[in-house]
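The structure appears right after this line, and notes come after that.
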Amino acid sequence: MRRLFVDELNDLHVRFSEMGMMVNEAIYKSVKAFINHDKALAREVIHEDKHINEREVDLEKRSFELIALQQPVTTDLRVIVTVMKASSDLERMGDHAVSIAKSTIRVKGETRVPQIEEDIAGMAEAVKEMVEQVLDAYVKEDSARARKIALEDHGINDFSSRIYKECIRQMQDNPETVIGSMDYMLVSSYLERIGDYVTNICEWIVYLKTGKITELNSNAIEDKF
Amino acid sequence: MAEAKKIITSSNVHLFYGKFEALKGIDLDFNQNEITALIGPSGCGKSTYLRTLNRMNDLIPGVTITGNVSLRGNNIYSPNEDVVQLRKQVGMVFQQPNPFPFSIYENVIYGLRLAGVKDKAVLDEAVETSLKQAAIWDEVKDHLHESALSLSGGQQQRVCIARVLAVKPDVILLDEPTSALDPISSTQIENMLLELRDQYTIILVTHSMHQASRISDKTAFFLTGNLIEFADTKQMFLNPKEKETEDYITGRFG
C-alpha cells in the first residue's frame, strides 16, 4: 500500500478520535455546569465549541483532499466516508452541549427541583458512558459492540420520558417551577438527541466494517408507530 | 515554512520541429526536493518540454529551441555548456525500461565507468547505495552479476533508476516511468520516488492522473504546446483555475 496514504489515513483517525474526546469533554462539562449551577464552566463550554467546529472543518478538508488525490476504494473509501459523516454527528453533539450550557446560564436563580436534577445527572452519566464507548468501538472498528451500544439508547429514552413526566407534574403542582422545568425538559431533550447521534455513529461503524448502511433503533419501531 | 529553493528555471521556451511549433513559450520553474508532474494529452508537448531540461532534443534533427533554461542559474543552452556533465546532473528515466545487455552491476556503474572511476570499493559502494535507493537491493543483491535483461519489467526499471542515481544527479527526469509496468511495480516505483524526494528534485511526465495526484507536490498541465496551469497538486485536483484543466483531469476532454 502507498506509504503516504497510510500515514494520512492514520492521521485522520487520530484527529477524529481527538475530536470525539473534545466533544465528550464538552458534554461532561456542560452537564456538570448545569447540575452545579456553574455559569463560568458553562461559558467555557460555549467558548471551546469553536475548536470542535474547526476540527470538523479540518477533517472535512483532509477527507476531500484524500478522496481527490488518492482516489481511495473499498475499505479505504469507507474509512474516509465514516470520518466525514461521523464528524458531523460529533459536531452536532457539541452544539447540544452548548445548548445545555446556555440553559445553565439562563436557569440560575429560578426555583429548582433536586429530584429532577438527580435524574438529569444520571441521564448525563449514561450518555457520557455511551459516547466514551462509541469512540472506543470506532477505534477498534468493533461493529458488534457498536450494535450493542445503540441498544443502550433505549435507556436514555426511558430517562427522557421519566423526566418529562416529572416536569409536567412539578409544573402542575407548583407554577414557580415552570421556567426551571422547561429548561429541565430542554436539557433532557438535548441529552436524548446526543444519544441519537451516538446511535448514528454506531451505524457508521457498522458501515465501516460491513459496507452496509444499517438503521439501528429506528424511531418508528421505538415509538411503535 | 522556509521558502522553497528554485533549481531549474525556464522562461519563454519555444521549440520547433522544422516549422512545427511544439512548445509555444513555456515559463516554468522547479523547486528543489519537490516532485512535479507534467500532465496533458498526447502531443501536448510535455515530453518535449521534459527533454529540453537536459538537452535530449539536441539529438533530434531539425529542432530549434529558443528561450532560457537554467540549472542553478546557469543557462544550459549556452555554447560553453558541457552536455555530458549536464546529463549527469539532470538524469533521465524512460518509459520502456532500457537496461544495457550487461550484468546488473555493470548497468549501475555504467555512468561511473564512463567518468573514469576504477576503484572497486567506490564502485561496489555506488552499486549498493544506488540499488538501495531504488528499492531493489534486497531483490538483486545475490544476483548482481547476472544479466539485467533477466529481470522483470518493474525490476529493470528500478535498475535503470539506480543507474541514474549512481552518478549522483541533482534532478531526475522521468518520462512515463510506470506506463509499461503493472500496478504493483508502479506502486513500488511511486513509493521509491517519494523516498527519493528528500535528496533529489523529480520531474515526471505521466498519463496517469492517479499517479500525478498521489505523489506530486506540483502539477503542470500542458495543452497544444502551451502551459495552461501550474499549481500545487492539491489545488489542481480540488479546484483548478482553468476550465481546460478541469475538463482534462475529470476526463471530460474533447
Given the structure, is A:His37 out of contact with any Gly (no Cβ under 7 Å at 6 or more places or on another chain) and on the phi > 0 side of the Ramachandran plot?
yes
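Listed here are the residues, each with its yes/no results for (1) under 22 Å from A:Arg92 (Cα atoms); (2) modelled with pLDDT of 95 or more; (3) in contact with a Pro (Cβ under 7 Å, 6 or more places away or on another chain).
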position: A:Gly155; (1), (2), (3): yes, no, no
position: A:Gly180; (1), (2), (3): no, no, no
position: A:Tyr197; (1), (2), (3): yes, yes, no
position: A:Trp204; (1), (2), (3): yes, no, no
position: A:Asn217; (1), (2), (3): yes, no, no
Scanning the stretch A:121-170 for residues that are over 16 Å from the mean Cα position of the chain (by Cα) and not in a helix (DSSP H, G or I), which turns out farthest from A:Asp11 (Cα to Cα)?
A:Asp142
Restricting to the stretch A:1-48, name every residue that is within 14 Å of chain B (Cβ to nearest Cβ), free of Cβ contacts under 8 Å to residues at least 12 places away in the same chain and part of a helix (DSSP H, G or I).
A:Arg3, A:Leu4, A:Val6, A:Asp7
Counting only residues that are farther than 25 Å from B:Tyr200 by Cα, assigned to a strand (DSSP E or B) and touching a Phe, Trp or Tyr at 6+ places or on another chain (Cβ under 9 Å), how many does the stretch B:1-50 have?
3
Among (1) in a loop (DSSP other than H, G, I, E, B); (2) surrounded by fewer than 16 Cβ atoms within 10 Å (Cβ to Cβ), there is one condition B:Pro97 misses while meeting the rest; what is its number?
(2)
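Quick grid of which residues meet (1) away from every other protein chain (no Cβ under 13 Å); (2) closer than 21 Å to B:Gln89 by Cβ:
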| residue | (1), (2) |
| --- | --- |
| B:Glu190 | no, no |
| B:Leu194 | no, no |
| B:Thr201 | yes, yes |
| B:His207 | yes, no |
| B:His210 | no, no |
| B:Asp217 | no, yes |
| B:Leu223 | yes, no |
| B:Leu227 | yes, no |
| B:Lys234 | no, no |
Could you list, in sequence order, the residues of the stretch B:224-239 that are under 19 Å from B:Asp29 (Cβ atoms) and touching a residue at least 12 places away in the same chain (Cβ under 8 Å)?
B:Gly225, B:Asn226, B:Leu227, B:Ile228, B:Glu229, B:Phe230, B:Ala231, B:Asp232, B:Thr233, B:Met236
Can you tell me which residue in the stretch B:195-236 is farthest from the chain's Cα centre (by Cα), limited to those that are acidic (Asp, Glu) and either closer than 19 Å to B:Thr48 by Cβ or part of a helix (DSSP H, G or I) (or both)?
B:Glu229
Out of (1) in a loop (DSSP other than H, G, I, E, B); (2) among the polar types (S, T, N, Q); (3) within 14 Å of chain A (Cβ to nearest Cβ), the one B:Ser179 does not meet is (3)
What is the residue count in the stretch B:115-134 for residues that are in contact (Cβ under 8 Å) with a residue 12 or more places away in the chain and among the aliphatic types (A, V, I, L, M)?
6
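The values are calculated or read from the model by the stated rules, or taken from the named source; none is laboratory data. Just so it is clear, the model here is predicted, and its values are computed rather than measured. FYI the Cβ positions are ideal-geometry reconstructions off the backbone, even for glycines, and counts take in every protein chain you see.
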